[in-house]
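The values are calculated or read from the model by the stated rules, or taken from the named source; none is laboratory data. What you are looking at is a predicted structure, and each value in this text was computed from that prediction instead of being measured. Cβ placement follows ideal geometry from the backbone for every residue including glycine, while neighbour counts extend to all protein chains displayed. Surface areas here come from the heavy atoms of the whole protein model, side chains and all, with no ligands, DNA or RNA. Shrake-Rupley method; radii C 1.70, N 1.55, O 1.52, S 1.80 Å.
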Amino acid sequence: MSVEPWASPQDQAAAEETHTTHTPSSQDQEQHPDKLCLDSFWSEVETITQGSGYTEHDCTRRDSKQSEEGEQEEQWLADAGLSDLIKEDGDDVDKAVLLSTLTRTQAEAVQRRLESYTLSLRKRNKPPPRDVRDVFNSPITQNLLPESQQSEDLPQDSMASVTKTPLSAVTPEHQRGAPKEEFFITDVAYCEQAVIFLKQAKLPQNKILRRKEDGTLPRVICPKCRLGVTRIQDLSHTDMKKVRQLALIDMTALCDLLELEVKRHKTGKRKIAESPLFGVPLATLLENDQKVKPHTSTPLFLQSLLSFLEKKGVDSEGILRVPGSQSRIKLLQQNLETNFYSGKVCWDEVSPNDAAALLKKFIRELPAPLLTAEYLNTFSAVRDITDLKQKLHMLNLLILLLPEPNRNTLKALLEFLSKVVSREKRNRMNLWAVATIMAPNLFLHKAVPSRLTEGAEKGHAEKAADVMRLLIRYQDLLWTIPNFLMNQVRKLNENSSRRYQFYDRRIKNLLRKIHTDSREKPDKNTSELCRTVKIQVGDQVSGTMEFQLNINSRASDLLAQFHRQCLRSPENGKGKIRRNGAVAYPDCALYEVGGNIGEHCLDPDTHLLDLYNSNQGGEWVVKLKPNASRGL
């Protein structure tokens, strides 16, 4: 997976000077494009602060409250799936299973939260349920933790790839002579990569002078592992819950290393919105919309609005920046609230600028931030990280932590913004301009206090816009699950099914040795295996298929064989042949089900022999992707 480079704001501004600029006034024509962007940024901030009655006092008092001392740690442990650690009757085996997947740095982050929780209880004169040392020093836990927490146990080839990449953790990616290309390694936990980089940064030969950032976003290359790329929608809900728990631990460890102070807020109760579309929680909107269109993942109103803007707005000059008519926007909103669900809305006479203004209003009037009250401050803190890869690491983990309605809505918005940028020559809205306009609408919300309102500092605007453009630019990369989290989920599932091994260290070591020996001396026939693949169309398994495995076999090869068999015998796989010879079910995918995973839609480039070796207990099923099956 790779992402192409994008021009910097300065490069884009130079290119734009060769064009004739059409702006609302002659004074604007003389302004530098960067100046226009920043003016628009603070104009958006002013609109939000005035239009919604936003004040620091009000937002702190009414809509948001910071957790009391100790509550944050307790909530953090619950969100990370580690609440058993503070229960008096918690089972040591359960604790060992939970902690067994963590790296050393991740375990240290957990230990710090436990110590902070225990200290807060003592301050409130409440006896702690258990000393943190008891949790990490129990015999069962000691048998398990050292092997999982040692950096040496990480894949050696992965560690080598991290240490060989250019130093960029402390010195920014825009050093003199720095390549416009970055390698994005996901085999090693992000917090462990940070440990390596921070150690390298202390070496005398790595203390390189910084130079001014030129703003260019490099091409990011994410090497594919042999198990392919796993996207967020490829995993079952059960496994995604575990991904979120592990992502929270890794993100917290990364924040500790980078010394980022982030405070989580909880959105307080707010009055129920009178509008059926604006000011309604995303989860409520989706619940209502799914009665109209089952399985929809983003609000129907937002889908219609974005669809109109993609057809009529992406080529409109200054789209998102040029304000619409306030009177028309108000009438449009009233029309949509009254007639949207009855299907009586006519978009033909709607101005693209009015629709774009309504889009921004929809986002900022959500009762809770699109980026959530819990993580909005952490998203904002990304702007204080100097290294590009670490910014992307943090954003990747944060995207995984978002609730599904928020994540899907954010993705729909970013896809639209990317289309706006792709038509830059027509609409004169480059990446920097779009990011600068949209940043206040995502990072400023009356439910959470923000530093953005502390005066019109240029630095605040640029940093917020920088995070926004990273979300737009690298969205495909950010919506993937890193390999190290996939490995940890598999290990967590395996350990949960082998609980009895933790009771006796000698049995555990013996079983580990047997397991290691079997991997070191594979059967001679493992390079040529025959796998039975289930074929499922709808809710029933409709047949099976034999597939011969070899070292080069990929998921795409198995699917090609499936389609060939459908063409020869439509009844075999319930395939339907069209007149042009194509199969009516082209959206089939290969899934891995069971074993050390719940359900996993496989990348077509997955090497199947490697998949078999990593999950011998799993079944392979060919079936329709969710979106395809809903269309039948």
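So, in the range 425-442, how many residues would count as being open to solvent by 10 Å² or more (accessible area, probe 1.4 Å) and under 23 Å from the mean Cα position of the chain (by Cα)?
The total comes to 1.
Among what's in the range 39-78 and is out of contact with any Lys or Arg (no Cβ under 8 Å at 6 or more places or on another chain), acidic (Asp, Glu) and more than 22 Å from Val434 (Cα to Cα), pick the residue that is modelled with the highest pLDDT.
So the residue we want is Glu74.
Any residue at all in the range 304-316 that's buried (at least 18 other Cβ atoms within 10 Å of the Cβ) and either closer than 30 Å to Thr378 by Cα or out of contact with any helix residue (DSSP H, G or I) (no Cβ under 8 Å at 6 or more places or on another chain) (or both)?
Within the range 304-316 (the criterion being buried (at least 18 other Cβ atoms within 10 Å of the Cβ) and either closer than 30 Å to Thr378 by Cα or out of contact with any helix residue (DSSP H, G or I) (no Cβ under 8 Å at 6 or more places or on another chain) (or both)), the answer is yes, since at least one residue qualifies.
Every residue in the range 591-626 that is of a type in the set (Ser, Thr, Tyr) and without any contact (Cβ under 8 Å) to a residue 60 or more places away in the chain, please.
Across the range 591-626, the qualifying residue is only Tyr591.
How do the pairs read when you match residues in the range 528-545 that are farther than 25 Å from Asn613 by Cα and at pLDDT below 90 with residues anywhere that are outside any strand (DSSP E or B) and open to solvent by 30 Å² or more (accessible area, probe 1.4 Å), using Cβ under 7 Å and keeping only pairs 6 or more apart or on different chains?
Final answer for the pair search is Val537/Lys574; Ser542/Lys574.
Does Lys266 meet the test of being in a strand (DSSP E or B) and open to solvent by 40 Å² or more (accessible area, probe 1.4 Å)?
Criteria met by Lys266.
For the range 227-237, state whether one or more residues are open to solvent by 20 Å² or more (accessible area, probe 1.4 Å), more than 16 Å from the chain's Cα centre (by Cα) and hydroxyl-bearing (Ser, Thr, Tyr).
No, every residue in the range 227-237 fails to be open to solvent by 20 Å² or more (accessible area, probe 1.4 Å), more than 16 Å from the chain's Cα centre (by Cα) and hydroxyl-bearing (Ser, Thr, Tyr).
Would you confirm whether any residue within the range 335-346 is in contact (Cβ under 8 Å) with a residue 40 or more places away in the chain, open to solvent by 50 Å² or more (accessible area, probe 1.4 Å), in a loop (DSSP other than H, G, I, E, B) and touching a helix residue (DSSP H, G or I) at 6+ places or on another chain (Cβ under 9 Å)?
Checking the range 335-346: at least one residue is in contact (Cβ under 8 Å) with a residue 40 or more places away in the chain, open to solvent by 50 Å² or more (accessible area, probe 1.4 Å), in a loop (DSSP other than H, G, I, E, B) and touching a helix residue (DSSP H, G or I) at 6+ places or on another chain (Cβ under 9 Å).
Of the numbered conditions (1) farther than 30 Å from His237 by Cα; (2) out of contact with any strand residue (DSSP E or B) (no Cβ under 9 Å at 6 or more places or on another chain); (3) not aromatic (Phe, Trp, Tyr), Ser418 satisfies every one except a single condition; which is it?
(1)
Give the number of residues within the range 211-222 that are part of a loop (DSSP other than H, G, I, E, B) and at pLDDT 90 or above.
So the count comes out to 2.
Rundown of residues vs (1) modelled with pLDDT of 95 or more; (2) charged (D, E, K, R); (3) closer than 22 Å to Thr103 by Cα; (4) open to solvent by 40 Å² or more (accessible area, probe 1.4 Å), yes/no style:
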{"residue": "Leu198", "(1), (2), (3), (4)": "no, no, yes, yes"}
{"residue": "Ile208", "(1), (2), (3), (4)": "no, no, no, yes"}
{"residue": "Leu277", "(1), (2), (3), (4)": "no, no, no, no"}
{"residue": "His295", "(1), (2), (3), (4)": "no, no, no, yes"}
{"residue": "Phe301", "(1), (2), (3), (4)": "yes, no, no, no"}
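Among the residues of the range 544-562, which ones are of a type outside the set (Ser, Thr, Tyr) and open to solvent by less than 50 Å² (accessible area, probe 1.4 Å)?
Matches in the range 544-562: Met545, Phe547, Leu549, Ala555, Leu558, Leu559, Ala560, Gln561, Phe562.
Quick check on this structure: which one of Gln245, Gln290 is in a helix (DSSP H, G or I) and either closer than 24 Å to Leu478 by Cα or touching a residue at least 60 places away in the same chain (Cβ under 8 Å) (or both)?
Going through Gln245, Gln290 in turn, the sole match is Gln245.
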